[in-house]
Amino acid sequence: MKKRRLWIRTIILSLLVVAVGYSLYANATKDKVQKVEIGEKAPDFELVDLNGETHRLSDYKGQGVFLNFWGTFCKPCEEEFPYIDHQYAQFKNQGVQVLAVNVGETDFAVNQFMQRHNLTFPTVIDKTGDVQTAYGINPLPITFLIDKEGKVVKSHTGQLTEAMIHKFMKQIQP
């Protein structure tokens, strides 16, 4: 009986050591998330919207860009989108553009979401996750304010109010 108990304890301890070792190894070797720094040039990217049109961040040089990362499953994203759309309507002819980057969901899910909420701003899908990695996205929603020179002037993680969105768009208005 004592040998059996010793044997079970040894197996459990061995499993714990292996689990801890694997966790340490996985943490040490995982891809380093690149965090975008305020004042630095925003990483350029090229993504396609729901209409098949290509959007490059660099194409918006000379304009302010309100860059928002989101998902259909994200309740705070859903709650802030009507405010973003309302402010987009006010600022799009004043040199401020909205670019909403979905975090890799299907075209169908994103299209249904956009139609259900009657949203008009450009939405692209990061199907490979490369843009999320470049910007260090986690958690959602997160918004980057990019000035007319292509530099990141601010980032905000979490839900936005309409007043905050208005203030942010004024901040990047050329």
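The values are calculated or read from the model by the stated rules, or taken from the named source; none is laboratory data. Computed from a prediction, not measured in an experiment: that's the story for all the values here. All Cβ positions, even for glycine, are placed from backbone atoms using ideal geometry, and neighbour counts span all protein chains on display.
Restricted to region 118-131, and to residues that are surrounded by 20 or more Cβ atoms within 10 Å (Cβ to Cβ) and touching a Phe, Trp or Tyr at 6+ places or on another chain (Cβ under 9 Å), which residue is farthest from residue 86 (Cα to Cα)?
Among them, the one singled out is 131.
Does region 24-34 include one or more residues that are under 30 Å from residue 99 (Cβ atoms) and either surrounded by 10 or more Cβ atoms within 10 Å (Cβ to Cβ) or at pLDDT 80 or above (or both)?
Within region 24-34, one or more residues are under 30 Å from residue 99 (Cβ atoms) and either surrounded by 10 or more Cβ atoms within 10 Å (Cβ to Cβ) or at pLDDT 80 or above (or both).
Quick one: count up the residues across region 47-65 that are within 15 Å of residue 102 (Cβ to Cβ) and surrounded by 13 or more Cβ atoms within 10 Å (Cβ to Cβ).
Number satisfying all stated conditions: 5.
Among the residues of region 56-99, write down those that are among the hydrophobic types (A, V, I, L, M, F, W, C) and out of contact with any Phe, Trp or Tyr (no Cβ under 6 Å at 6 or more places or on another chain).
Listed by number, the residues that qualify are 65, 66, 69, 70, 73, 74, 81, 84, 89, 91, 96, 99.
Go through region 78-117 and report how many residues are closer than 16 Å to residue 165 by Cβ and surrounded by fewer than 15 Cβ atoms within 10 Å (Cβ to Cβ).
7
Can you tell me which residue is farthest from residue 133 (Cα to Cα) among those in region 35-51 that are part of a strand (DSSP E or B) and of a type in the set (A, V, I, L, M, F, W, C)?
Applying the filter and picking the extreme gives 48.
Kindly establish whether residue 144 is under 13 Å from the mean Cα position of the chain (by Cα) and modelled with pLDDT of 95 or more.
Yes: the conditions hold for residue 144.
Suppose the filter is over 12 Å from the mean Cα position of the chain (by Cα) and surrounded by fewer than 21 Cβ atoms within 10 Å (Cβ to Cβ); does residue 149 pass it?
Taking the combined requirement at face value, the residue satisfies it.
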